[in-house]
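The values are calculated or read from the model by the stated rules, or taken from the named source; none is laboratory data. Just so we're clear, the structure is a prediction, and the values are computed from it rather than from any experiment. Note that we place each Cβ from the backbone using ideal geometry, even for glycine, and neighbour counts take in every protein chain shown. Ligands, DNA and RNA are excluded from the accessible area calculation, which covers all protein heavy atoms including side chains. Shrake-Rupley method; radii C 1.70, N 1.55, O 1.52, S 1.80 Å.
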Amino acid sequence: MFNTSIASLRLLAGIVWYIGVVVLILKSSALFIAAQQNHASLLLIGLVGFLGIVLGMIKAKYLFGPICIKNLKRINALQLPKLWQFYRPQFFVFLTMMITFGAYASKAAQGDNLWLLSLAGLELSIATALLLSSRYFFK
């Protein structure tokens with residue numbers, strides 16, 4: 001019961017990865033808009049956006065890419081794959097903690113351009129890293 005194929009697990013892992021990309025791009029966009037509405041400099045917003053993308057490229061190469069490869073190797077090595085094995089339980093605990101922290105930080109940052117832009121840059125960098133490292137799902 002709940003047996004599945006390795007291809008299905010790889011697909012589910014990829015879907016969760018891409019959901020993260022979409023959610024983080026939407027969140028970072030909302031934070032950039034909030035900073036702009038709070039009269040942050042467009043030059044500063046652009047600089048933070050650029051830095052977020054550059055840091056995301058670095059994270060993709062040295063952190064998220066290797067994590068993705070490791071998980072895909074683990075999936076490929078499963079003998080009797082089960083539907084829930086597309087990530088380890090620790091991943092879901094970590095994801096829950098990050099979502100909770102992100103929601104709290106977004107609310108706490110309202111009205112403070114430094115925090116809004118810092119959080120927007122961080123979330124953009126993670127979205128970029130997720131997007132660029134997602135190429136491993138197609139190899």
Checklist outcome for this item: Carbon/sulfur accessible area of the chain, % of total, 1.4 Å probe, equals 76
Checklist entry - In a GNM of the chain with a 10 Å cut-off on Cα contacts, which of G56, G102, G65 has the highest mean-square fluctuation? => result G102
Checklist entry - In terms of the Cα gyration tensor, with a ≥ b ≥ c the square roots of its eigenvalues, is the chain rounded because a/c is under 1.5, prolate because a/b exceeds b/c, or oblate? => result prolate
Checklist entry - Each residue of region 21-33 in order: what ³J(HN,Hα) in whole Hz does its phi give by Karplus 6.51 cos²θ - 1.76 cosθ + 1.60, θ = phi - 60°, with x for Gly and Pro? => result 4, 4, 4, 6, 5, 5, 5, 5, 4, 4, 5, 5, 5
Item to check | MRE, 222 nm, helices only [DSSP H, n ≥ 4, -39500 (n - 2.57), over the chain, to nearest 500] | outcome: -26000 deg cm²/dmol
Checklist entry - With every protein chain present, what is the per residue accessible area of region 1-61 (1.4 Å probe, Å²)? => result 62
Next on the checklist: If you filter region 1-108 for chymotrypsin sites (Phe, Trp or Tyr not before Pro), then keep DSSP loop positions with at most 11 other Cβ within 10 Å, what is left?
Outcome noted: F2
Checklist entry - Given R₀ = 41 Å, FRET efficiency for R135-T100 by Cβ-Cβ distance, to 0.05? => result 0.90
Checklist entry - Which residue, V23, V93, V48, has the most motion in a Gaussian network model of the chain that connects Cα atoms within less than 10 Å? => result V93
Next on the checklist: Please compute the modelled spin-label separation between W115 and F92, points set 7 Å along Cα→Cβ, answer in nm with one decimal.
Outcome noted: 3.2
Item to check | Positive dipole terminus of the chain, leading residue within L43, L95, Q110 (C-beta point charges) | outcome: L95
Checklist entry - Rounded to the nearest 20 Debye, what is the dipole magnitude of region 12-139 about its Cα centre when Lys and Arg each give +1 and Asp and Glu each give -1 at the C-beta? => result 680
Checklist entry - So which of K59/K139; K27/K107; K59/K82; K73/K139 end up more than 22 Å apart by C-alpha? => result K59/K82
